[in-house]
Every structure is written in C-alpha cells, then in structure tokens.
Amino acid sequence: MAIFKPRVLFQHQLQKRRKKRKRPGAPKKPDLSLEQILAWADSHRERTGEWPIATSGNIVDAPGEETWAAVNAALRSGYRGLPGGSSLVQLLAQERGKRNLSALPHLYTDVILTWADAHHKRAGTWPTCFSGPVAEAPGESWSRIDFCLNHGQRGLPGGTTLARLLAKRRGARNRTSLPALSQTQILGWAKDHHEKTGTWPTRDAGSILAAPLENWLSVDASLRNGGRGLPGDSSLARFLEDMLGVRNIMALPRLNSRMVLAWADAHFERTGHWPMSDSGSIIGAPNERWGGIDTALSKGTRGLGHGGSSLARFLQKHRGVRNSSNLPPLTMQKILRWADLHHGRTGAWPKEKSGPIAEAPGESWNAVEAALRGGKRGLPGGSSLAQILETERGKRNLANLPPITEEMILEWADTYRERTGKWPSYVSGPVAEGRTERWNTVNDCLRAGGRGLPGGSSLALLLAARRGARNRTSLPMFRIPQILKWAKDHFKKTGKWPTPRSGAILGAPAETWSAVDNASRSGMRGLPGNSSLAEILDDHLDERKKTRRQETRLAKKNQLGKGKEPPSIHAGPAGPNA
C-alpha cells in the first residue's frame, strides 16, 4: 500500500478532481448570457407569478437539463461566459427591481412615522407589530420594522420598539408601559358607570365610560395580579364590595332549603302561583333573585345541595308543584279519552288552541300537540292532534285536505249562483249541501296558498277576474259628471230628483243612490267627502234649483189653499152669539 506525504496527497487528490471534471466524452455546457437568463426569469414569473430563486429547480424554457442552481453558481463563480461576482438575486434586483432581502434599503424614523400616520388615518388605530404588511411600502411589514427598531438593523440605532416610538412621537397608548392606576381613580370610574347605566361594572363591562382607552377587564387583571401601581390579590368585584358595599356574586351568603321554601310560599300567597327562574327579585330578601336561586341549585353552590337540580325540580319535590320539564308520560288512549270528553261537552273536537284540558288539571291541548309532534312524554312523535283524531275518530283534518284548482272553485261558484241567484262570498257557508268544503276555507287557501293553490288571491278577486262579479273591496271610482248624468236620467224617467232612498241607479243597476250619498259623505270611491247627494246636485244642476223653487212655491200655495183665511186685524173677537 502506497504511503503519501500530506503535500503529495493534496496534489494527488487535485489531479483526481481534474480528471473527473475532464472526463473524456463529457459534453461541455454552453455559455450563458445575462439577456438569456433574464428572458428565462421573465418566463418563469409569467408562468408562476414569482421570480425564480436558486432552489426553483429546472428551467423549463432552457434546452437540456439547465437548473436555476447552476445559473446562480455561474453568476457567482464567473464561468460559462459570465463575469462572476454576482448572483441570481442580485441580477434580478438590478435588472428587474426584485426585492433583495440581503440588501434591503435603509429605514428612517421619519419615514416609519409617515407610514404609521397613513395607517392610523386609514384604520383608525396605530399599527402594531401584528398589523401585517405596510400598505404604503410594498414588501415591508410592521413586524420587520419592529425587529429593526429593536435590534438596530437597516440603518436604525436599535434599542426601541414600534410601540415605544409611537408612544414617544405620536402619543399612542403603549400597552407594555401603561400609566399607573389608583384606587381613588377606579372608584370614580365605577361611580360614573353606575350613574350612567344603573348597574355597577363587572370585568366583562367593556370599555370604561369615563376613560375610553381603559377597560374593566384590564383593571380587574391589575387588581388580581398587581401592577400599574396596584398591590394585587384582589379583584374588581372584591374591590367594589370592600370600598362601596357592592354585592359580590363570587362571595354570596350561604342559603338553605328552609329559607328558599319560605320565600316560595310567600311568593305563592302573594301572587297565586309558584315562582320560576324568571320571576325576578325575591320580596323580603334584598339582592336575591329567583334566577340566582335556580343557578345555585343547578351548580350546587351557596349550600344548596350537590348540583344537578333546579328551582322547578326543587318545588316539585318539596311542594308537589307541576314541573313542565318533567311532566308525566302520555298515551294515545288517554289523549283520545280527553278528546271524547271535550267533544261531548262542547260539541266540537279539540284543536291545538282549545286551551286547558278540563279533565286533566295542568294539561293543555297545546302541550299535547307539542308532545305528539316532538315525540315527548312517551309518545313516538311525528304526529299531531288533527292526525290522530282523523285516524281514530274520523275528524276532517284541514292540514291533509285534497288539492283544489281554480277551475274547481269556479265550477262550485257557478253552481252556487244558479241555486241562489248570487255569487258566493267567504261567509256563504258550505260550498254545497252535503259537502264538507266551505267557502271560508276556499278563500283562505286562495289567500295564503295551500292545497295546490299559489296564494295571493281571494274568492272575491277570482270571481271578479274570471266571472266579472262585483268585488266590494275594489269598487270603481265615482265621477261627478257620471253622477249628474244618472240624476238627469232619473228625473226624466220619474219626474223626481234622486235621494238616498231612491234605490238602484237606473243607468247602473249594480250601484245605488245610497252608495253615492255614503261615498260623498265619507270621502270614498274618488269623492272628496264632507258632502252629500243633495249638495252635489244643488251645486252642479241649475235645473234642480229651479225645480226645487217651483216645488217650494207649489207647497206653500197648497198649504194656503187648504188653510183658513187669516182674521182681519180690524175685526174684534167673535163672541159666542156671533
């Protein structure tokens, strides 16, 4: 085995490397140019949206197996026809303006403050190290600026932060250097809060009204942990309890079952019903509320058991009060028996809105309906009171009626008119004798939709549109010239001017003189109101005035003709023997 000295060994290894580089038959890679590299880089950016870097892999547009790593090495070392002393990043920064993270421009305090002012004007708050990119300086971020301010990079002296800079130069609030608090100050804020809201503040009360930059949560944290001039080992609730006697819900007095039952009995005697969790304050127990009692029973606090209970369960156990969350089971047989008794007593089957069940104190048909639908209290669910009465008692279920069409309704209306001489309305009762359909249910379906009808109509609108029936909710407007024409025609045919009692208008059988008089008085159907039929005719018909004067003179003449001659003023009184 040959032994080489160190210098000989180095020369031997160098010769091996050269032989390896100059392997016979290995093709020499072509020279590169800066223009070619930039063209490949432009194509890469168009395809990917980003400039290439040394680790971007193969160059898609280059012939052979060309890589960006090889291009970067050639730019650095100066081979393949390149001058060297550069890099891919430097080339793109110089020729394409790509941001070079290893050669970023210097930062200046005044420039940073200008960017911060723009951020504050746009967002309403001063930037922090978590505010993301700087909108006015693409490529910059507030976190990098904060780092450079702290560590003294990119021309900055260091030893500060973004928060400290803005606090010093812009008066911004620095959360890492908040002003000290005092107990007197906190008391003043709490009293102001109570005066404005009627309640004492809690840690969740949000911003302090008298100091919008402060909030009650941070005050509570300082009272608990110390800091900002406060000793700690307290809380906002304990502080207000000690200083102002405010009730501390975290340190409430203990209760027992006898106390709660006494309060509940007094509530029942006073109101006639047992308290619930939303019954408000407890009379005779200052600062206590029934909601607080319910919470204590649920959580097992304040000496009231081990939790898992409630006010309703407590009263059910100790006073036998009906607990709506723990009702006895129901059966179909029981519900049908109650329905039969209801039908026998009222003559009608019960509905969801039929109120309390007389035979079962505490039960209601609404509760039965809810249990049938939701599958509660031992019932399977997915049913309803109407469905079981239809199945078990043959009651007509309005929610399961067969579909109807407008053509069917019009056919029923034609038959009704042939039988009665008038069109039906929603109060006309059954559609026909022996049928279960009624005009009011048909009208409801036309209005609200259902049973195959789209809704948005009514029986009156359908008959008006398809049969020309008169719709009293949409009568045509009255016009003064038309009324005057009807009045003249009436006078020509009867010799008298119309009055509200003259019945139907001869030229318009669907209208009446009473309707004209009512519309003129109430201001309906296009008439101004505060008038009458007589005033309309007097104001617009000169011939009616002439006729009325003639009638007045004739009436006076007839009255004088039928009466006695008035006695002479010269004649004395007639004696009995005259």
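Rule-based calculations on the coordinates, nothing more; no lab input. Bear in mind that the values here come from a model prediction, so they are computed numbers and not experimental data. Positions of Cβ are backbone-derived with ideal geometry, glycine not excepted, and every protein chain shown enters the neighbour counts.
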> Residue farthest toward the positive end of the dipole of region 361-425, with Cβ of Lys/Arg at +1 and Asp/Glu at -1: which of Asn400, Leu389, Pro424?
Replying inline: Leu389
> Between Arg247 and Glu46, what is the label-to-label distance in nm when each label sits 7 Å out along the Cα-to-Cβ direction?
Replying inline: 7.7
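From the C-alpha gyration tensor of region 332-398, pull out the three semi-axes of the equivalent ellipsoid (sqrt of 5λ each), sorted largest to smallest, in whole Å.
17, 15, 10
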> Got a sec to turn the phi values of region 214-229 into Karplus ³J(HN,Hα) couplings, 6.51 cos²θ - 1.76 cosθ + 1.60 with θ = phi - 60°, whole Hz, x for Gly and Pro?
Replying inline: 9, 9, 5, 5, 5, 5, 4, 5, 5, 5, 7, 9, x, x, 6, x
> Where does region 350-464 land on the Kirkwood hydrodynamic radius, alpha-carbon pairs, in angstrom?
Replying inline: 16.3
> In nm, to one decimal, how far is the Arg170 label point from the Ala508 one, both placed 7 Å along Cα→Cβ?
Replying inline: 7.6
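Provide the gained length on full extension for the span His151 to Thr202, in nm with one decimal, where the gain is 0.36 nm per separating residue minus the Cα-Cα distance.
14.3 nm
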> Helix 257-271: angle to the longest alpha-carbon principal axis of the chain, degrees 0 to 90, nearest 10?
Replying inline: 30
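Work out, in µm²/s and without decimals, the Stokes-Einstein translational diffusion coefficient of region 164-310 at 25 °C, 0.890 mPa s, Rh from Kirkwood over C-alpha pairs.
Rounded, D is 136 µm²/s.
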> Tally Lys/Arg at +1 and Asp/Glu at -1 over every other residue whose Cβ is under 14 Å from the Cβ of Pro509; what's the total?
Replying inline: +1
> Given H placed 1.01 Å from N in the peptide plane, which residues other than close sequence neighbours of Glu214 have an amide H under 5 Å from its amide H?
Replying inline: Ile208
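Just add up the charged neighbours of His273: K/R +1, D/E -1, any other residue whose Cβ is under 13 Å from the Cβ of His273.
So the surrounding residues net to 0.
If you take the Cα Rg of region 201-249 and divide it by 2.2 N^0.38 Å, with N the number of residues, what do you get?
The reported ratio for this selection is 1.09.
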> Working out 0.36 nm times the residue gap between Phe268 and Leu34, then minus their Cα-Cα distance, what length gain in nm do you get to one decimal?
Replying inline: 74.7 nm
> Which label belongs to the value computed from this structure, given these candidates for percent of Cα pairs over 44 Å apart: (1) 15; (2) 45; (3) 69?
Replying inline: (3)
> Pulled fully out, how much extra length does the chain show between Arg396 and Thr494, if you take 0.36 nm times their separation in residues and subtract their Cα-Cα distance?
Replying inline: 29.7 nm
> Amide H to amide H, which residues 5 or more places from Thr67 or on other chains are under 5 Å from it, using H placed in the peptide plane?
Replying inline: Ile59
> What distance in nm separates the simple spin-label points at Asp278 and Arg258, each placed 7 Å from Cα in the Cβ direction?
Replying inline: 3.4
> Dipole size in debye (nearest 20) for the chain around its Cα centre, Lys and Arg Cβ +1, Asp and Glu Cβ -1?
Replying inline: 1140
>> Principal axis extents for region 289-407, Cα atoms only, whole Å, descending order, please.
In response: 70, 33, 25
> Dipole of the chain (Lys/Arg Cβ +1, Asp/Glu Cβ -1, origin at the Cα centre): which of Asn174, Gly344, His267 lies farthest to the positive side?
Replying inline: Asn174
> What's the angle, to the nearest 10 degrees (0 to 90), between helix 406-420's Cα axis and the longest principal axis of the chain?
Replying inline: 10
>> Taking a virtual spin label 7 Å from the Cα of Leu104 along the C-beta vector, which residues in region 126-150 bring their backbone nitrogen under 18 Å of it?
In response: 127-150
> Got a sec? Charge dipole of the chain, +1 on Cβ for Lys and Arg, -1 for Asp and Glu; which of Val368, Ser310, Pro138 is way out at the positive end?
Replying inline: Pro138
> What angle do you read, to the nearest 10 degrees and between 0 and 90, between the alpha-carbon axis of helix 365-374 and the longest principal axis of the chain?
Replying inline: 40
> Given H placed 1.01 Å from N in the peptide plane, which residues other than close sequence neighbours of Ile505 have an amide H under 5 Å from its amide H?
Replying inline: Glu511, Thr512, Trp513
> To the nearest Å, what is the center-to-center distance of region 51-68 and region 103-172, using C-alpha atoms only?
Replying inline: 37
> In percent, how large is the relative contact order of the chain, given Cα pairs closer than 8 Å and 6 or more residues apart?
Replying inline: 3
> Looking only at region 465-479, which residues have a backbone nitrogen under 11 Å from a spot 7 Å from the Cα of His540 in the C-beta direction?
Replying inline: 478-479
> Short version: ³J(HN,Hα) in whole Hz for each residue of region 279-288, in order, from phi by Karplus 6.51 cos²θ - 1.76 cosθ + 1.60 (θ = phi - 60°), x for Gly and Pro, what are they?
Replying inline: 7, x, 6, 9, 5, x, 9, x, 6, 9
